[in-house]
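Trainee: Let me give you the structure first, and then I'll get to my questions.
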Amino acid sequence: MKNILIILLLLLAPISVYAWEAKVLEIGKNNLVFLNLWKKPEVRNLYESWKLTFDVIKGEKLQFVYKNKKIFLHLPGVNISEEGMIEVRFKNQKKQIAYKIDYNKNDENFDLKQDFLFKRLQKKPLSCESAAASDIITFLQWKIVDEDEVYNLLDKDKAWETAVWSWNKLIWWNPNKWFVGNVDYYWEEKIKPSQRLLTWYGVYEKPIEKVYKQYGLKTKIINNTDYNKYFTNNEHLSLLLKFLKKWKMVQLWWDWCTDPLYDEWPIGWNLITNSCPTLNNDRKIEWYYKEWSELKKHVWLRWEHSFYLLWYEWSIYKPEKIIVWDTDTWYHKYQTKEWMRKWDLMDNRSIIVGR
């Protein structure tokens, strides 16, 4: 058992936790919100052999997170003040160790690119909205939520899985109300050509907002359709960045296609550019949906996509570059000109999400 305590002390030594009595867990301004415990070879070897396990048995805010066989000590949130207990288990032995955390996150030690523990790629062709939302919920709620869980909570109507023609009009559904299309796209044999001709589709911010609220999160939708009389697109972007600085998350919609001249990331990142041969073509599409007994026209974009903000460069009021996580193609850093073009094509749709 002594070896277990030595291992745990080595494990947590950089942040001052002691087995013999509760101490204040202090994390400096330059530390990450999470500490990768996998870097400790003595811990990694024991964990791989299933000899060492540990968990928080009393307390809510300190979490051990297992991701891709790696172990993280995760401290989510802006302000954390808590006393609790960690249970360490080695074979048939176990030991409980008290901890105390008093931690304040502020602008000086905030870096969402690193603090955001779960940045995942979508599992299905049309699950970008659910994948982005699942990452945000996981971050804000301190528990792992999968994209399938989010997708299953979305409003969907099974009457028409694909678009149909009626009286020379293409009839489909309203993405402001339902998930439109089949999330598996053409990977499933049952998907008919009518959906392929419309190239994908998914869901907009209002149905996604309803899912966030089911997890107890606070939301605010801002888009050009409802709010353009209040500010310009540039002011809208600045407002979103201000919320980002306050530890609010931002999910947005845009054009999947990108001009590769304006898409960059530092050398060493495995960047996949969303390059499309149809970038400069008119890619608007239209169909009709039923609202009560009336048919209403919906006009929108082929290759619509969803993602979330991570950070920016230069100034909130005049950012030169915007950094995002794209659930389909990883990290991206866009010059603001291209970022705005992509966002404008989807009516500057955005959801601000917080606790």
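What follows draws every value from the coordinates through simple rules; no lab data is involved. Predicted model only: the values in this text are computed from it and were never measured. When we count neighbours, we look across all protein chains shown, and the Cβ atoms used for this are built from the backbone with ideal geometry, even at glycine.
Trainee: Once the piece of chain linking E83 and L295 is laid out straight, how much longer is it, given 0.36 nm per residue of separation minus the C-alpha distance between them?
Mentor: Difference between extended and current length: 70.5 nm.
Trainee: At a Förster radius of 22 Å, what calculated FRET efficiency corresponds to the Cβ-Cβ distance of N104 and K58, to the nearest 0.05?
Mentor: 0.50
Trainee: While we're on this one: For a protection proxy built on the mean count of beta-carbon atoms within 10 angstrom, sort 335-343, 215-223, 274-282 highest first, please.
Mentor: Highest to lowest by the protection proxy: 335-343, 215-223, 274-282.
Trainee: Between W314 and N45, with labels modelled 7 Å along Cα→Cβ, what's the label distance in nm to one decimal, could you check?
Mentor: Going from the W314 label point to the N45 one covers 5.2 nm.
Trainee: Then there is this: For Q141 and Q93 in the same chain, what is the full-extension length gain: residue separation times 0.36 nm, less their Cα-Cα distance, in nm?
Mentor: Answer, rounded to one decimal: 14.1 nm.
Trainee: So what is the diffusion coefficient of the range 112-354 in µm² per second by Stokes-Einstein at 20 °C and 1.002 mPa s, using a Kirkwood Rh over Cα pairs?
Mentor: Roughly 116 µm²/s, to the nearest whole number.
Trainee: With a Förster radius of 41 Å, plug the Cβ-Cβ distance of N233 and Y66 into 1/(1 + (r/R0)^6) and report the FRET value to the nearest 0.05.
Mentor: 0.50
Trainee: What's the ranking of 291-302, 202-213 by average number of surrounding C-beta atoms within 10 Å, highest first?
Mentor: 202-213, 291-302
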